[in-house]
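I have placed the structure first, in the form of structure tokens, so that the comments after it can refer back to it.
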Amino acid sequence: MVDIQNPYSTFGRYSADLCLFLLVARHRQLSRAASEAGISQPRVSQRIRFLEDSLGRELFLRERRGVELTPAGYELLNTLLDPMTRAVEAFERFQDKPRKREVVVASDIAFASFLLLPDFGSMSNAFKDLNLSVLSLQMPDSRNAPEADLVIRMEPDHETEQHEVCLFRERVSAVCSPTYKAAHTAMERPEDLLGQSLIELAAKPDMPWYTWSEWFRDQGCVHHRPRNVIAFNSYDHVIRAVRADLGIALGWEGLIDIDAPNSGLELAIPGHLESNRGYYLKVQRSRANEDTVAVYRWIADRYMLSQT
């Protein structure tokens, strides 16, 4: 069977020299061909000699004021001129074709899973001229996501800068599945949860969001510790475990809607806690351009409105 790569391999070895051949044939002078190619005249002469030696044919007659094509040179010129010209023009069009501009949104995993990804189709349709991408990390910042144009993450309350906004504050409730609630009817107060199966997001101690320990502390249960805690490294897994009747988790009301039809969730006990933290959206420094600001405004409008 013939190796179809051989013709491409052969042409690849001579392609640069064939381009020089066409330039010399057009100008009939080595110096002008060298000037257009951006190399020295001796280099052009050397490459043409190499091409002639490789083909075993003389392509040019060297004269005092320039060069003239030999019959073999005319034959090669007629063979190459049309396809090579079309290839050059096609490549120029390809190079000049405008590329889509990119906007990268870095988000914590929970926000990306529950809000950004379900709405990604709508966001992409709103910005058809952009390449949008979502980078999900547990705690995105400029160090672990240097390519990000926008960052969404939980932070302590602070005075916002230009192109920065708090999308919604951290507000949590204890949630479980209807089946779990029906099997544990005695749950009414925070201390009633101490003996229950609790599910939480595994994270470093300094992460800026509620853990069960902090939640019990803020509920006044400072001298008690929960006895059975299951941890997952993804909030999506936490909620899936709750819906599978495995226990109770903290539900961030900005991320999940327990009142939605078929949410599979309900309050384990009445009430909620609100911290001095919130989800902040920010354009990274030096990334504020027309595209990133437009995406920033779309996200801000989308998720701030959803909290009203």
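Bear in mind these aren't lab numbers, they're just calculated from the coordinates by the rules spelled out. Bear in mind that the values here come from a model prediction, so they are computed numbers and not experimental data. With ideal geometry, Cβ positions are generated from the backbone for all residues, glycine too; neighbour counts draw on all protein chains shown.
Taken about its Cα centre, the chain carries a charge dipole of roughly 1360 debye when the Cβ of each Lys and Arg holds +1 and the Cβ of each Asp and Glu holds -1. If I build a Gaussian network model for the chain, linking alpha-carbon pairs within less than 10 angstrom, which residue out of K204, K282, K100 has the largest mean-square fluctuation? Ranking K204, K282, K100 by mean-square fluctuation puts K204 first. Working note: Karplus 6.51/-1.76/1.60 with θ = phi - 60° gives the stretch 124-138 the couplings 5, 5, 6, 9, 5, 8, 10, 8, 9, 9, 10, 10, 9, 9, 5 Hz, where Gly and Pro are set to x. Of the peptides 209-216, 137-144, the ranking by mean beta-carbon count within 10 Å, highest at the top, reads 209-216, 137-144. For the chain, the longest principal axis of the Cα atoms and the long axis of helix 290-305 meet at an angle of about 20 degrees. Once the gyration tensor of the Cα atoms in the stretch 51-142 is diagonalised, the equivalent ellipsoid follows with semi-axes of 59, 15, 11 Å, ordered largest first.
For R13, neighbours were defined as the other residues whose beta-carbon sits under 14 Å from its Cβ, and their charges (Lys and Arg +1, Asp and Glu -1) total -1.
Where the convex hull is taken over the Cα atoms of the stretch 234-308, what is its projected area averaged over directions, in nm²? Computing the convex hull of the Cα atoms and averaging its projections yields 7.1 nm². Taking the square roots of five times each eigenvalue of the Cα gyration tensor of the stretch 5-96, the equivalent ellipsoid has semi-axes of 21, 16, 13 Å, listed largest first. Dividing the summed helix terms, -39500 (n - 2.57) for each DSSP H run of n ≥ 4, by the number of residues in the chain produces a 222 nm estimate of -12000 deg cm²/dmol to the nearest 500. Considering only alpha-carbon pairs that sit under 8 angstrom and 6 or more positions apart, the relative contact order computed for the stretch 210-308 is 17 percent. Semi-axes of the equivalent ellipsoid of the stretch 148-243 are 29, 16, 13 Å, computed as sqrt(5λ) over the eigenvalues of the C-alpha gyration tensor in descending order.
GNM remark for the chain: springs join alpha carbons under 10 Å apart, and the peak mean-square fluctuation among N233, N289, N78 falls on N78. Length, then width, then depth: along the principal axes, the Cα atoms of the chain run 105, 53, 34 Å. Near S45, once Lys and Arg are set to +1 and Asp and Glu to -1 for all other residues with Cβ below 11 Å from its Cβ, the sum equals +3.
The smallest convex shape that holds all Cα atoms of the stretch 10-60, its convex hull, gives 65 Å³ per residue.
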